[in-house]
Amino acid sequence: MLNNRAHTVAEHLVELRRAAPLVQCITNSVVTNVTANVLLALGASAAMADVPGEAGVFAPIASGLLVNLGTPHAEQRVAMLEAACAATAAGTPWVLDPVAIGLLPVRTALAEELLWLRPTVIRGNPSEILALAGAGAGGRGVDSTDSAEAALPAARGLARDFGSIVAVSGPVDVVTDGATDIRVSNGTELLTRVTGGGCALGAVIAAFASLGDDRLATTVAACAVYTIAAEQAAAVSRGPGSFSVAFLDALATVGADDVRTLAAIA
Amino acid sequence: MLNNRAHTVAEHLVELRRAAPLVQCITNSVVTNVTANVLLALGASAAMADVPGEAGVFAPIASGLLVNLGTPHAEQRVAMLEAACAATAAGTPWVLDPVAIGLLPVRTALAEELLWLRPTVIRGNPSEILALAGAGAGGRGVDSTDSAEAALPAARGLARDFGSIVAVSGPVDVVTDGATDIRVSNGTELLTRVTGGGCALGAVIAAFASLGDDRLATTVAACAVYTIAAEQAAAVSRGPGSFSVAFLDALATVGADDVRTLAAIA
Amino acid sequence: MLNNRAHTVAEHLVELRRAAPLVQCITNSVVTNVTANVLLALGASAAMADVPGEAGVFAPIASGLLVNLGTPHAEQRVAMLEAACAATAAGTPWVLDPVAIGLLPVRTALAEELLWLRPTVIRGNPSEILALAGAGAGGRGVDSTDSAEAALPAARGLARDFGSIVAVSGPVDVVTDGATDIRVSNGTELLTRVTGGGCALGAVIAAFASLGDDRLATTVAACAVYTIAAEQAAAVSRGPGSFSVAFLDALATVGADDVRTLAAIA
């Protein structure tokens, strides 16, 4: 089973490089640059079409869409709803990243509205997933205060209620469709010491979601490729600065054989 | 001829370091940081004065102005028109980068409005230049789907109609004033694997445009210095992450002798 | 005296790593990423809660708040006032960085409004401090055109009038409470060749301000730790690109012993 899953991830990675999906990112002001660089390094590309009147025009053309609530200014909120509606109508897969909801009222209301548009994938830390499911009070920003396993019942419930794949990030990432849970144990603590460690993963999940209809498998592939490249980068880094640089280099070079050898999926 | 042009580029580089021009950048959210870092590394400086009520105050004081349409939010659109009008009135050279026009309606309308303010220089990829000239349908984001040579007639037409220098980016950059076309063949494919590869060049073109009235020559100089530094960086890079770092280092150290030796201008 | 001050800085650094303060940053679009990365590298964390309706909700929960006027869009201006009021009411220390005021009217009016909310700390370059005190005409962007010593009388006056600590950045940083002036002579010219060199320091000052009520001491500690790490990074850098990388690595590893050995405080 483990070997089969690693093999599927490797196939998805090869396919991603061939297809070079274009991901529309409506994301927060802190991570726009690193998100685009992560996609480009991996072999995908990025377009930050986040203006009302354009976001909905672009979503049907994009391979995938990321909606990240990190800094939800008024224009972006309109663009997010516009893009999510257009993506849903056109069959473009889209990812909701409900950054720091629970505590902060504007984004919490927006996340609920977006949830009813049935995101293809929801990615968050445990606190955010608990808050989205109405079971928690939210964390302090992007850092989680609950464990991924503690949020798994909430994640399964969201997956069943909205037909979404839910990915809960943590030292072990858990991905669920409500029935099957898959754990990805790759990664490095350094991903939490640089901005965008989680936010850029949302964009990568959107890129992989464009590769096929088994979004449980594509989401696992995204998490595995991303965290394997992070492990490779951590091995040659002296701190968070050199890690960020090595991570982009590793995303450009990580290959199917690395995935087959290193993937820790169960 | 080639040697003369390389010599002129070298002289412009020396003059840039001496003058340390301050470039006002109204640019997209993905590349603000890298754009400012590119200017600082090269020996210029950057000010992102992009708020209505300030953009037009700053433009007459700036050495040059960049208007990049990558993420044209409502306030920025007002600031762009305000700054472009003030720059034109004050004689501040300004660069229009019509990112991803053609497909996306808000920026396409804005680009046409800005075009009538007669930009000093227009920089774009072939799809964008074709779209600006009304001859194409636009690309998918910042990546071009047409070749630079295919866009050259459109570039020449824009140059003649609006009195602008037009720089078409690609593996070979073509710069035209409508009568004379100059090709810069330096560069590296890695510039397309990192964000800002094209967008930051627009800011560098604005910096060089402040050095003299021969904007065909200053634009060629900007393209040549930028892509020569990129070649130097690529030679010591292991991927897109280390390339970005090495590129800033190279922009800070690239000298007149490097330009005379390496420039591939025809 | 010098040894005592260096010892206090070292103690603050150890305490910062233990407390891991969460800093709310309402800052400009150029430096959001580097500001968050600097805080994360140092052992603090960042939340860019800068939307009206959320900024004031978050400020009482944050350990400290940065208000940086670099790109003050309309929504951000509302969020800044909201957050500063809430921070003051809740006792959250906050830092005002009046980027490029004097010349630019929107931010100048906003800075005056914020000043009357009595920032815990004001950080700026000499031109900005002079402009804030009504004694100067402002600089050209983030670069100073006056020396720190020339701005010291204005800094002392601001400190006395508004009960703020004032930090004037330059080759030698001067920190004053209106009665006592402390100079930090660490640093490197490379901090002026990368974006965020000054802006991210404002966030670090906010992080240290959360550690205790002696804000003269915490501000000196922030300036010293930041510039000592910059010295360490400069020693292993080949230019501004590699400096930025090494600086984040150094912020993660700089320790109490480094501070005791290297601090140049008088």
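The values are calculated or read from the model by the stated rules, or taken from the named source; none is laboratory data. It should be emphasised that the depicted structure is a prediction, and the values quoted were computed from it without experimental measurement. For neighbour counting, all protein chains shown are included, and Cβ atoms are generated from backbone atoms with ideal geometry for every residue, glycine included. With ligands, DNA and RNA removed, areas are computed over all heavy atoms of the protein, side chains included. Shrake-Rupley method; radii C 1.70, N 1.55, O 1.52, S 1.80 Å.
Long-range amide H contacts for C:Ile122: which residues qualify at under 5 Å (H placed 1.01 Å from N, peptide plane, sequence gap of 5 or more or a different chain)?
C:Leu96, C:Ile165, C:Val166, C:Ala167
State the dimensionless ratio Rg/Rh of region B:55-125 (Rg: radius of gyration of Cα atoms; Rh: Kirkwood radius). All intermediate terms of the calculation are to be shown ahead of the outcome.
Details: Rg = 11.2 Å, Rh = 11.9 Å.
Using only Cα positions, Rg/Rh for region B:55-125 is 0.94.
Taking beta carbons within 10 Å but only from partner chains, what does the mean come to for residues A:93-100?
Whole-number average of other-chain Cβ neighbours for A:93-100 is 1.
Quick one: Karplus J couplings for region A:170-187, per residue in order, coefficients 6.51, -1.76, 1.60, θ = phi - 60°, nearest Hz, x for Gly and Pro?
Taking θ as phi minus 60°, the curve returns x, x, 10, 7, 10, 10, 9, 10, x, 10, 10, 10, 10, 10, 10, 9, 6, x Hz for region A:170-187.
Just the accessible area per residue of region C:18-222, please: how many Å² with a 1.4 Å probe?
Dividing the accessible area of region C:18-222 by its residue count gives 28 Å².
For chain B, which semi-axes, largest first and in whole Å, follow from the square roots of 5 times the eigenvalues of its Cα gyration tensor?
Equivalent ellipsoid semi-axes, largest first: 25, 20, 18 Å.
List the residues, sorted by chain then number, that are 5 or more residues from B:Leu66 or on another chain and whose placed amide H is less than 5 Å from its amide H.
The answer is B:Gln24, B:Cys25, B:Ile26, B:Val95.
Projected area of the protein assembly as shown, taken from the Cα convex hull and averaged over every viewing direction, in nm²?
29.1 nm²
For region B:190-232, report the % of Cα-Cα distances exceeding 13 Å.
For region B:190-232, the fraction of Cα-Cα distances above 13 Å is 51 percent.
Is there a simple number for the mean count of other chain Cβ atoms within 10 Å of the Cβ of residues in B:32-44, and what is it?
5
State the antiparallel share, in %, of DSSP beta bridges confined to chain B, rounding to the nearest 5.
Within chain B, antiparallel bridges account for around 35 percent of the total.
Taking a label point 7 Å out from Cα toward Cβ, give me the nm distances from A:Gly134 to the same spot in the other copies, shortest first, one decimal.
A:Gly134 label point versus its equivalents elsewhere: 5.6, 5.6 nm.
Label-to-label distances across copies for B:Glu149, with labels 7 Å out along Cα→Cβ, in nm, shortest first?
Its label point is 6.4, 6.4 nm from the equivalent points in the other copies.
Where the label is 7 Å out from Cα toward Cβ, how close does B:Pro105 come to the same position in every other copy, in nm, shortest first?
3.4, 3.4
Quick check on chain B: helices-only [θ] at 222 nm, where DSSP H runs of length 4 and up contribute -39,500 (n - 2.57) each and the sum goes over total residues. Nearest 500, please.
Rounded to the nearest 500, it is -15500 deg cm²/dmol.
As I understand it, the dipole of the protein assembly as shown uses +1 on the Cβ of Lys and Arg and -1 on the Cβ of Asp and Glu, about the Cα centre. Which of B:Ala111, C:Ala84, C:Val9 lies farthest toward its positive end?
C:Val9
Using DSSP to define loop residues, name the chymotrypsin sites (Phe, Trp or Tyr not before Pro) in region B:36-124 whose beta-carbon has at most 13 other beta-carbon atoms within 10 Å.
Passing sites in region B:36-124 are B:Trp116.
Are there residues in region A:231-266 whose accessible area shrinks by at least 30 Å² when all protein chains are included rather than the chain by itself, and which are they (probe 1.4 Å, ligands and nucleic acids not counted)?
Buried by the other chains: A:Arg238, A:Pro240, A:Gly241, A:Val245, A:Asp249.
I'd like the mean, over residues of B:75-82, of how many other protein chain beta carbons sit within 10 Å of each residue's own Cβ.
Working: counts 5, 3, 1, 0, 1, 0, 0, 0.
The per-residue average across the peptide is 1.
What are the radius of gyration and Dmax of region A:23-88, computed over its Cα atoms and given in Å?
Expressed in Å, the Cα Rg and Dmax of region A:23-88 come to 11.0, 32.
Report Rg (one decimal) and Dmax (nearest whole number) for region C:64-209, counting Cα atoms only, units Å.
Cα only, region C:64-209: 13.8, 38 Å (Rg, Dmax).
Convert each backbone phi in region C:40-55 into a coupling constant with the Karplus relation 6.51 cos²θ - 1.76 cosθ + 1.60 (shift: θ = phi - 60°), then list the ³J(HN,Hα) values in order as whole Hz, x for Gly and Pro.
5, 4, 6, x, 9, 9, 10, 9, 8, 7, 10, 9, x, x, 10, 4
Can you pull out the buried accessible area for chains A and B, both sides counted, probe 1.4 Å, rounded to the nearest 100 Å²?
The A and B chains share an interface burying roughly 2200 Å².
Using the Cα centre of the protein assembly as shown as the reference point, and only Cβ charges (+1 on K/R, -1 on D/E), how large is the resulting charge dipole? Debye, rounded to the nearest 20.
Dipole magnitude for the protein assembly as shown comes out near 420 debye.
If you take every residue apart from A:Asp249 with its C-beta less than 11 Å away from the C-beta of A:Asp249, what net charge results, scoring Lys and Arg +1 and Asp and Glu -1?
Spelling it out: positives minus negatives among the neighbours equals +2.
Report Rg(Cα)/(2.2 N^0.38 Å) for region C:1-142, keeping two decimals.
Ratio of Cα Rg to 2.2 N^0.38 Å: 1.07.
Ignoring any ligand, DNA or RNA, what whole percent of the accessible area of chain B comes from carbon and sulfur when the probe is 1.4 angstrom?
55 percent
Would you be so kind as to identify which of A:Thr192, A:Thr219, A:Leu251 lies farthest towards the positive end of the dipole of region A:186-266, taking Lys and Arg as +1 and Asp and Glu as -1 on Cβ and the Cα centre as origin?
The one lying farthest along the dipole's positive direction is A:Thr192.
Any chance you could list the semi-axes, whole Å, largest first, of the equivalent ellipsoid that the Cα gyration tensor gives for region B:132-258, using √(5λ)?
Working from the Cα gyration tensor, I get semi-axes of 25, 18, 11 Å.
If you wrap a convex hull around the Cα atoms of region C:189-266, how much volume per residue is inside, in Å³? Provide the component values of the computation, followed by the final result.
Working: hull volume 7.2 nm³, N = 78.
Convex hull volume per residue, Cα atoms: 92 Å³.
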